[in-house]
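Inspection log for the structure reproduced underneath, given as structure tokens.
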Amino acid sequence: IFSSMDKEDIEKLKKAGRIAAQALEYGKSLIKKDASLLDVVEKTEEKVFELGGKLAFPVQISCNHIAAHYCPDEDDKTVFSDQVVSLDVGVHIDGFIGDNAVTVDLSGKHEDLVKASREALENAIKTIKVGVTLGEVGKVIQGTIQKYGFAPVRNLSGHGLGKYEQHTKPSIPNFDNRDNTKIEKGMVFAIEPFASTGAGIVQDSGTPTVFSLENKKPVRNAITRQVLKEIESYDNLPFTTRWLTNKFGVKAKFALREMEQLGMLHSYAPLADKDKGLISQAEHTVLIDDDGKVIVLTNQKME
Ligand code: MN
Ligand code: MN
């Protein structure tokens, strides 16, 4: 919660939201049969810089039963064919973050799954106002997704966004968890419904490529020191292996391993549906301003 928002800070939030939305739209347009996942991610990241933003986290593309946190390494050979593809883009301006995501169905068979999370997001946004409880927002998300015959993913949620903080309070549930916390002026949060054809519970699956620096410790190895210095320039926001291997070569992986062993890093493994259900995601960032007005920062047309 930003108490009594500075005008300048609100402008930064709005700018981050606009750039995040533009980069998402651009990245979405690149998701096509035979395109490479790595290429789409790198072009979308470049777009963010071109537009004057910085990455709040690495661009992520999660396919089929993966809900989140898939980020390709420099040698990733994944090519799009008929997947259900979720693209997630986060941008910051001086630490003020806009976070948004969209799902594209390349199979032509899962349009309803895409609609379920998108409509859940729209309905949640319509519900939001000062005084409404977070449980009520979750109930709307759950109801919309279940109406389509799918399961909301219960152990993923929307989240507050702080300055240089990608995940903070409040947590916005994707089901009716009866949270009585009320929406207040000055809140900035991402709402992100996920719809699943399977369990609606996700679990760690595969090797993490997304990390954040959790505990800084002294390191001796020269390459590890260089890599650590680079990581510190990310201002405690998440980063990916590929950024480091692009800069330092594959030896960056040894440095990362060393830091992991020292307990310096938090790792974000890809999250997959427990029953391998297909998953769609939709996400916007909203601000409740000092007048109680709801501003959809990643879709400023929706204000
Ligand atoms: Mn996101
Ligand atoms: Mn998010």
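The values are calculated or read from the model by the stated rules, or taken from the named source; none is laboratory data. All values reported here derive from a predicted model rather than from experimental measurement. FYI the Cβ positions are ideal-geometry reconstructions off the backbone, even for glycines, and counts take in every protein chain you see. With ligands, DNA and RNA removed, areas are computed over all heavy atoms of the protein, side chains included. Shrake-Rupley method; radii C 1.70, N 1.55, O 1.52, S 1.80 Å.
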- Message: 7 Å from Cα along Cα→Cβ at both THR133 and LYS182: what's the point-to-point distance in nm?
- Response: 1.2 nm
- Task: Any aspartates and glutamates with Cα under 17 Å of the LYS274 Cα? List them, leaving off those in the same chain fewer than 8 positions away.
- Result: ASP204
- Message: Take the residue pairs LYS77/LYS109; LYS14/LYS47; LYS229/LYS251 and return only those whose Cα atoms are more than 21 Å apart.
- Response: LYS77/LYS109
- Message: Let me check I've understood the local charge: for PRO173, count other residues with C-beta under 12 angstrom from its C-beta, Lys and Arg +1, Asp and Glu -1. What total comes out?
- Response: -1
- Rounded if a/c is under 1.5, else prolate if a/b beats b/c, else oblate: with a ≥ b ≥ c from the C-alpha gyration tensor eigenvalues square-rooted, which is region 109-191? prolate
- Query: When DSSP assigns beta bridges and you keep just the ones with both residues in the chain, what percent turn out antiparallel, to the nearest 5?
  - Reply: 100 percent
- Using the beta-carbon distance between ASN236 and LYS147 and R0 = 41 Å, what value does 1/(1 + (r/R0)^6) give for FRET efficiency, to the nearest 0.05? 0.55
- Query: Per 5 Å bin, what percent of the C-alpha pairs of region 83-134 does each bin hold, from zero upward?
  - Reply: 4, 16, 18, 17, 19, 15, 7, 4, 0
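Below 11 angstrom from the Cβ of GLN146, what's the summed charge of the other residues (Lys, Arg +1; Asp, Glu -1)? The partial results should precede the final answer.
Details: positive: LYS139, LYS147; negative: ASP176.
Cβ neighbours under 11 Å give a net charge of +1.
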- Query: LYS12: which aspartates and glutamates have alpha carbons under 14 Å from its alpha carbon, excluding same-chain residues fewer than 8 sequence positions away?
  - Reply: ASP94, ASP99, ASP289
- When a/c is below 1.5 the answer is rounded, else prolate if a/b is larger than b/c, else oblate, so apply that to region 144-228 with a ≥ b ≥ c taken from the square roots of the Cα gyration tensor eigenvalues. oblate
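Given 10 °C and 1.306 mPa s, compute D for region 48-201 with the Stokes-Einstein relation, Rh being the Kirkwood radius over Cα pairs; round to the nearest whole µm²/s.
After rounding, the answer is 97 µm²/s.
What is region 5-137 by shape, rounded, prolate or oblate, if you read a ≥ b ≥ c off the alpha carbon gyration tensor as root eigenvalues and call it rounded for a/c under 1.5, prolate for a/b larger than b/c, and oblate otherwise?
Working: a/c = 2.43, a/b = 1.23, b/c = 1.97.
It is oblate, given that a/c is not under 1.5 and a/b is not larger than b/c.
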- Excluding residues on the same chain fewer than 8 positions from LYS32, give the aspartates and glutamates whose Cα lies under 14 Å from its Cα. ASP82, ASP105
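Please report the net charge: other residues with Cβ closer than 15 Å to the Cβ of ASN215, K and R +1, D and E -1. Show your work: numbers first, answer last.
Working: positive: LYS216, LYS217; negative: GLU214, GLU232, GLU258, GLU260.
Overall, the nearby charge balance is -2.
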- Message: Tell me the carbon and sulfur percent of the accessible area for the chain, rounded to whole percent, probe radius 1.4 Å.
- Response: 47 percent
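P(r) tail for region 175-288, what percent of Cα pairs lie past 26 Å?
On the way: 2706 of 6441 pairs.
Percentage above 26 Å: 42.
Among all helices in the chain defined by DSSP H, which have a length of 18 Å or more along the axis from Cα atoms plus a Kyte-Doolittle mean of at least 0.0?
On the way: long enough: 7-30 (35 Å, -0.70); 37-50 (20 Å, -0.21); 111-127 (24 Å, -0.56); 134-147 (20 Å, 0.07).
Long hydrophobic helices here: 134-147.
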- With DNA, RNA and ligands ignored, accessible area of SER62 (1.4 Å probe; Å², nearest 10): 0 Å²
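Using the heavy atoms of the protein chains alone and a 1.4 angstrom probe, what is the accessible area of the chain per residue in square angstrom? Could the numbers behind the result be given before it?
Numbers: 13490 Å² over 303 residues.
Computed with neighbouring chains in place, this is 45 Å² per residue.
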- Query: In Å, what is the Rg of the alpha-carbon atoms in the chain, and how long is Dmax?
  - Reply: 18.7, 56
- Message: If I stretch the segment between THR78 and VAL250 completely, what's the gain in nm (0.36 nm per residue apart, minus their alpha carbon distance), one decimal?
- Response: 60.0 nm
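Between LYS163 and SER36, what FRET efficiency comes out of the Förster formula 1/(1 + (r/R0)^6) with R0 = 45 Å and r the beta carbon distance, rounded to 0.05? Don't jump to the answer; show the numbers that get you there.
On the way: r = 35 Å, r/R0 = 0.77.
With R0 = 45 Å, the Cβ-Cβ based efficiency is 0.85.
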- Message: Helix-only estimate, please: 222 nm mean residue ellipticity of the chain, summing -39500 (n - 2.57) across DSSP H runs of length 4 or more and dividing by its residues, to the nearest 500.
- Response: -10500 deg cm²/dmol
